[in-house]
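Take a look at the structure below.
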Amino acid sequence: MKELRIHARAGQGAITTAMLIGAAVFEENRFALAFPHFGAARMGAPMNAFLRISDKPIRLRSQIYEPDYIIVVDPSLITGFDVLKGLKDNGIVIANEPKNNDEKEKLSLKNKQNIFYIPASKIANEIMGMPMANTVLIGAFAAATGELKISTIEKVMQQRFGNNELAELNIKAAKAGFSFIKK
């Protein structure tokens, strides 16, 4: 079983991110369990979303304390929280590019962990006209981890958003995130 923890602020799409990745996992004939954890239930409050991925049914329902993967949607959380807490030795971090070096320095990794910085908010703003980084980060997650095919993500986004411009923009954003990491 692989486990993913997503760090974001309420309203930045962390739950949608976990649900879309989970739906893509199901589409690829595996099992997934996605769920959020809120502190203060207000827009902008720090929150986590979690996802478990397995080839077998998932019975475990606790929060994720030792993730294989971490996605950081909001880089400002890096300085206020230990977003790397519990990350496994071979873990992978996909982080929306921090705005300053203090945030980058705070993400100090150990052992064989890997971190991928991606200017997800900038890419999203260029494609969608708003800095909603989550779908860019989904594509980056697929490229960095190899857990999903980009074609599966495209299919799931089409199902989630419908056959419209919103779906097209989100798919384009996910593909841009995927390509950024592959380069």
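Read-outs: derived from the displayed coordinates by stated rules, not from any lab. It should be emphasised that the depicted structure is a prediction, and the values quoted were computed from it without experimental measurement. Note that each Cβ is placed from the backbone with ideal geometry, even for glycine, and that neighbours are counted across all protein chains shown.
Structure values in brief
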read-out: Ordering of 65-72, 145-152 by burial proxy (mean other Cβ atoms within 10 Å per residue, highest first); value: 65-72, 145-152
read-out: Sparse-neighbour loop sites [trypsin sites (Lys or Arg not before Pro); the stretch 57-103; at most 10 other C-beta within 10 Å; DSSP]; value: Arg59, Arg61
read-out: Calculated FRET value between Ala45 and Lys122, using beta carbons and R₀ = 30 Å, to 0.05; value: 0.80
read-out: Whole-Å semi-axes of the stretch 1-156's equivalent ellipsoid (Cα gyration tensor); value: 22, 18, 16
read-out: Rough spin-label spacing in nm, given labels placed 7 Å along Cα→Cβ, for Asp89 and Phe31; value: 2.7 nm
read-out: 11 Å beta-carbon shell around Phe50, net charge (K/R +1, D/E -1); value: +2
read-out: Max mean-square fluctuation residue, GNM over the chain, Cα-Cα springs under 10 Å, options Ser62, Ser76, Ser54; value: Ser62
read-out: Descending semi-axes in whole angstrom, ellipsoid equivalent of the stretch 53-99, from the Cα gyration tensor; value: 24, 11, 10
read-out: The stretch 1-80: projected area of the alpha-carbon convex hull, averaged over directions, in nm²; value: 5.2 nm²
read-out: Which of Ser179, Pro75, Pro57, positive extreme of dipole for the chain (C-beta unit charges); value: Pro57
read-out: Out-of-range pairs (alpha-carbon distance over 23 Å; input Lys2/Lys56; Lys99/Lys155; Lys122/Lys182; Lys155/Lys175); value: Lys99/Lys155
read-out: Simple Cβ-charge dipole of the chain, Lys/Arg +1 and Asp/Glu -1, about Cα centre, in debye nearest 20; value: 260 debye
read-out: Per-residue [θ]222 nm for the chain (sum of -39500 (n - 2.57) over DSSP H runs n ≥ 4, rounded to 500); value: -12500 deg cm²/dmol
read-out: Antiparallel %, DSSP beta bridges [both residues in the chain], to 5; value: 55 percent
